[in-house]
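Just so it is clear, none of the values below were taken in a lab; they were calculated from the coordinates. Everything numeric here is computed off the predicted structure, so don't read it as measured data. Using ideal geometry, Cβ is built from the backbone for each residue, glycine included, and neighbour counts are taken over all protein chains shown.
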Amino acid sequence: MSKEPVAVTGIGQTKHVAARRDVSIAGLVREAAIRALADAELTWADIDAVVIGKAPDFFEGVMMPELYLADALGAVGKPMLRVHTAGSVGGSTALVAANLVAARVHGTVLTLAFEKQSESNAMWGLSLPIPFQQPLLAGAGGFFAPHVRAYMRRSGAPDTIGSLVAYKDRRNALKNPYAHLHEHDITLEKVLASPMLWDPIRYSETCPSSDGACAMVLTDRAGAARAPRPPAWLLGGAMRSEPTLFAGKDFVSPQAGKDCAADVYRQAGIADPRRDIDAVEMYVPFSWYEPMWLENLGFAAEGEGWKLTESGVTALDGDLPVNMSGGVLSTNPIGASGMIRFAEAALQVRGQAGEHQVDGARRVLGHAYGGGSQFFSMWLVGSAPPGS
Amino acid sequence: MPEVLSAPLVLEFPFTRSLGPVQSAFLTGLRERVVLGVRTTDGRVLVPPVEYDPVTAEEIHDLVEVAPTGTVTTWAWNHAPRRGQPLATPFAWVLVRLDGADTALLHALDAPGPDAVRTGMRVRVRWAEERTGAITDIACFEPHDGEPAQPGDSTGAFADPLRGIVAPARLDYTYSPGRAQTAYIGALSARRIVGERCPSCRKVYVPPRGACPTCGLATAEQVEVGPRGTVTTFCIVNIKAKNLDIEVPYVYAHIALDGADLALHARIGGIPYDRVRMGLRVEPVWTEGARYPDHYRPTSEPDADYETYKELL
């Protein structure tokens with residue numbers, strides 16, 4: 001029996017900011033969920049199950065927050081699942097929800113991911129003092145910066161590529177009312193002159209710390225037929241994982257990322273991603289990851305990804321726009337960041353992306369990764385149902 | 001086999017909570033000796049109050065005051081109170097349905113022993129002398145023989161309402177690094193760097209984890225590596241981390257020790273930070289009494305050729 005086609009008919013997110021002191025965690029997730037239901041013109045009674053994701057519990061210090069959020073998400077008396085795959089969780093949460101629809105377990109599923117970073121300190125959460133280990137590491141930037149240097153050496157990319165990405169993404173964010181950073185006076189010169197935090201990563205090439213939530217309504221063919229606005233159709237979705245550290249691990253272009261993309265392309269019948277995909281919303285917490293992921297996802301040959309960035313191909317008006325929303329570089333509620341990527345891909349193929357809409361976007365890839373480049377999740381969504 | 005190491009690991013953090021309208025009123029009320037519930041769509045009063053109706057999922061904010069007296073609906077005796085619990089002497093954990101409420105609140109009951117506690121017994125709030133807007137503003141409950149108290153008529157509007165609280169969390173672990181790391185740490189005290197080889201893929205892991213993450217097999221064969229190695233990649237850290245006592249800038253490097261199949265991470269010293277480069281040959285610098293090499297410094301060897309370490313990046 002073939003799978004049920006899965007459609008995205010509702011999308012909602014909060015205006016992402018550094019600190020939402022006016023709402024509880026429940027109030028925050030509620031806001032995104034209400035907006036997704038309104039977009040789909042559905043009520044709580046129309047939802048069969050809720051699938052929620054967030055990053056490690058240490059990031060807010062609430063153990064199993066999904067239990068206390070059942071009321072806020074209308075999940076009482078319904079199945080509620082939590083997904084947990086570090087930074088990629090927003091993506092894998094959406095895929096778990098999609099699989100429930102594809103398998104005909106449920107007709108309509110609400111999926112949601114969130115983070116309220118202001119209630120904790122992620123740098124603390126990522127640098128816990130483990131006995132007998134030499135304390136050395138300074139947060140995620142210190143972890144990823146050596147891999148960026150390895151990419152620069154391997155590809156011969158000019159030093160300025162990271163700043164070009166950051167400048168582009170922050171400019172895109174100005175067109176997205178939900179983005180956290182709206183740096184109206186940003187210039188490339190300012191990015192290039194920003195201080196080195198973890199050389200070769202500059203301050204302006206790093207993501208902010210945000211409070212925010214993102215929600216989507218996923219439904220079957222019957223649900224899509226009743227939807228008030230054009231749906232986004234799931235054409236392919238996959239997850240892959242690998243150990244954080246192992247002999248032979250390629251941190252610049254992890255095998256799990258390549259395998260995940262290949263699985264998505266196979267499902268969707270994509271022969272040449274560079275030709276067949278119109279835009280990409282990818283998880284780029286440090287700007288150099290744009291060229292790195294362009295190669296890992298098959299949009300460029302190894303060592304060539306930076307050329308797409310440098311020549312403007314990845315700009316909003318380029319041939320392959322990347323991170324139209326402003327990306328993780330402009331908005332980073334960690335647990336939600338993956339789902340915001342997936343939601344942006346869906347907004348684009350629905351023609352609902354507003355000022356950052358890519359004209360004629362028919363097939364768009366959403367991508368997330370997490371942990372020490374050990375979890376990958378991706379989906380390809382289209383404006384037409386699968387097989388059409 | 002030497003004894004496996006273990007040590008206490010305490011994780012604590014002062015998490016902050018933005019309260020939202022309902023919890024703000026509830027906790028501010030406690031500060032003012034008022035217990036508030038919320039009325040649901042079907043007319044029940046939930047204490048403690050919630051922001052969303054558990055039945056209809058609608059947003060609810062009709063706050064009503066309930067009495068400081070109530071009835072125990074169930075209980076459990078706590079014969080050995082732990083750090084941070086409401087009372088230092090043995091007490092009963094109780095669920096109390098306050099007069100005027102339809103649901104029960106979890107708290108502590110001060111009682112001489114389990115024989116003095118029963119389901120259905122009447123209790124009243126004992127307020128803390130100093131109240132800040134926290135559940136601990138109710139110091140505990142105590143037995144109550146009198147009439148039910150009459151609730152006031154607060155609807156949750158207070159001067160100077162509380163918007164947020166600090167919720168300190170603390171986790172106490174006994175951490176053990178396990179057999180393989182214990183052996184590794186033991187060898188370091190003799191200034192030897194000893195990894196373990198996978199019996200299947202033959203890769204040498206330093207530090208060893210006791211199993212090969214690729215093959216899933218336990219490792220046992222010990223292999224001394226280094227002490228010299230090659231800087232495969234690095235970053236220059238310019239921002240000081242809160243819990244890290246290292247002067248910035250410093251170089252955080254991945255070092256492939258000679259004979260190891262995976263780079264380990266260490267600091268580079270003995271060379272200006274802006275002269276560190278990929279391929280630099282380094283050796284450990286030991287300090288008296290330290291568990292680890294303090295840092296690695298350049299040897300006098302020429303740099304390693306990129307081809308010799310690019311697979312270890």
Seminar exercise, completed: Least to most buried among A:His356, A:His182, A:His147, by other C-beta atoms within 10 Å and fewest first, runs A:His182, A:His356, A:His147
Exercise. Name the GluC sites (Glu not before Pro) in region A:269-359 that are in a loop by DSSP and that have at most 16 other C-beta atoms within 10 Å, would you?
Worked result: A:Glu302, A:Glu304
For this session: For the protein assembly as shown, give the magnitude of the charge dipole about the Cα centre (Cβ charges: +1 Lys/Arg, -1 Asp/Glu; no others), in debye to the nearest 20.
Result: 960 debye
For this session: Summarise the long-distance tail of P(r) for region A:1-135 by giving the % of C-alpha pairs beyond 22 Å.
Result: 40 percent
Problem set entry | Shape call, the protein assembly as shown: gyration tensor on alpha carbons, a/c limit 1.5 | oblate
Exercise. Based on the Cβ-Cβ distance from B:Asp153 to B:Arg131, what FRET efficiency comes out when R0 is 25 Å, to the nearest 0.05?
Worked result: 0.80
For this session: Show that you can apply the helix-only estimate: for the protein assembly as shown, add -39,500 (n - 2.57) for every DSSP H stretch of four or more residues, divide by all residues, and state [θ] at 222 nm to the nearest 500.
Result: -6500 deg cm²/dmol
For this session: Could you please rank B:Thr40, B:Thr119, placing first whichever residue has the fewest other Cβ atoms within 10 Å of its Cβ?
Result: B:Thr119, B:Thr40
Exercise. For region B:93-170, what class follows from the C-alpha gyration tensor (a ≥ b ≥ c being the square roots of its eigenvalues): rounded when a/c is under 1.5, otherwise prolate if a/b is larger than b/c, else oblate?
Worked result: oblate
Problem set entry | Over region B:132-280, equivalent-ellipsoid semi-axes from the Cα gyration tensor in Å | 55, 25, 13
Problem set entry | Spin-label pair B:Ala80/B:Thr41, simplified geometry with 7 Å Cα→Cβ offset, distance in nm | 4.8 nm
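So if R0 is 30 Å, what FRET efficiency would B:Leu106 and A:Thr43 give, r being the distance between their Cβ atoms, rounded to the nearest 0.05?
0.40
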Problem set entry | Largest to smallest principal axis extent of the C-alpha atoms in region A:266-328, angstrom | 30, 25, 21
For this session: Please compute the net charge surrounding A:Val105, taking Lys and Arg as +1 and Asp and Glu as -1 over other residues with Cβ under 14 Å from its Cβ.
Result: 0
Problem set entry | region B:227-313: radius of gyration and largest Cα-Cα distance (Dmax), Å | 12.8, 38
Exercise. Hey, with R₀ at 60 Å, roughly what FRET efficiency would A:Lys190 and B:Glu142 work out to, going by the Cβ-Cβ distance, to 0.05?
Worked result: 0.40
Exercise. Of all trypsin sites (Lys or Arg not before Pro) in region B:75-153, which ones are in loop regions per DSSP and have a Cβ with at most 11 other Cβ atoms within 10 Å?
Worked result: B:Arg82, B:Arg83, B:Arg118
For this session: Fewest Cβ neighbours within 10 Å first, please rank B:Leu257, B:Leu171 accordingly.
Result: B:Leu171, B:Leu257
Seminar exercise, completed: Counting only DSSP beta bridges fully inside chain A, the antiparallel percentage to nearest 5 is 75 percent
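Relative contact order for chain A: what is it in percent, counting Cα pairs under 8 Å that are at least 6 residues apart?
Reported relative contact order: 26 percent.
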For this session: Identify the trypsin sites (Lys or Arg not before Pro) of region B:175-248 meeting these criteria: DSSP loop state and at most 14 other C-beta atoms within 10 Å of the C-beta.
Result: B:Arg191, B:Arg192, B:Arg202, B:Lys240, B:Lys242
Seminar exercise, completed: Relative to chain B, whose Cα atoms define the longest principal axis, helix B:178-189 and its Cα axis are tilted in degrees, nearest 10, by 50 degrees
Problem set entry | Inter-chain shielding of A:61-72 (mean C-beta neighbours from other protein chains, 10 Å cut-off) | 3
Exercise. Could you give the dipole magnitude of region A:134-268 about its Cα centre, charging the beta-carbon of Lys and Arg +1 and that of Asp and Glu -1, in debye to the nearest 20?
Worked result: 400 debye
For this session: Output the direction-averaged projected area (hull surface divided by four) of the convex hull of the alpha-carbon atoms of chain A, in nm².
Result: 18.4 nm²
For this session: Please list the equivalent ellipsoid semi-axes of region A:290-388, computed as the square roots of five times the alpha-carbon gyration tensor eigenvalues, in descending order and whole angstrom.
Result: 20, 18, 14
Seminar exercise, completed: At q = 0.20, 0.21, 0.22 1/Å the base-10 log of I(q)/I(0) from the Debye formula over the alpha-carbon atoms of region B:156-233 is -0.92, -0.96, -1.01
Exercise. Using the Kirkwood radius built from alpha carbon pairs, what does the Stokes-Einstein equation give as D for region B:58-217 at 4 °C and 1.567 mPa s, in µm² per second?
Worked result: 62 µm²/s
Exercise. How much length, in nm to one decimal, is gained on full extension between A:Gln133 and A:Arg266, taken as 0.36 nm per residue of separation minus their Cα-Cα distance?
Worked result: 43.6 nm
Exercise. Hey, got the Cα dimensions of region A:228-371 along the principal axes, in Å, largest first?
Worked result: 50, 33, 32
Exercise. Each label point is 7 Å from the Cα along the Cα-to-Cβ direction; what then is the distance between the points at B:Glu311 and B:Tyr273, in nm?
Worked result: 3.4 nm
Problem set entry | Alpha-carbon centroid distance for the pair region B:69-142 / region A:110-183, whole angstrom | 46 Å
Exercise. In degrees from 0 to 90, rounded to the nearest 10, what is the angle of the helix B:20-31 Cα long axis to the longest principal axis of chain B?
Worked result: 70 degrees
Seminar exercise, completed: region B:1-43 scanned against label point 7 Å out from B:Val55 along Cα→C-beta; backbone N under 17 Å for B:38-43
For this session: Just the number, please: percent antiparallel of the DSSP beta bridges in region B:17-169, rounded to the nearest 5.
Result: 95 percent
For this session: For the pairs A:Lys54/A:Lys258; A:Lys116/A:Lys168; A:Lys54/B:Lys310; A:Lys54/A:Lys190, note any where the Cα-Cα span goes beyond 31 Å.
Result: A:Lys54/B:Lys310; A:Lys54/A:Lys190
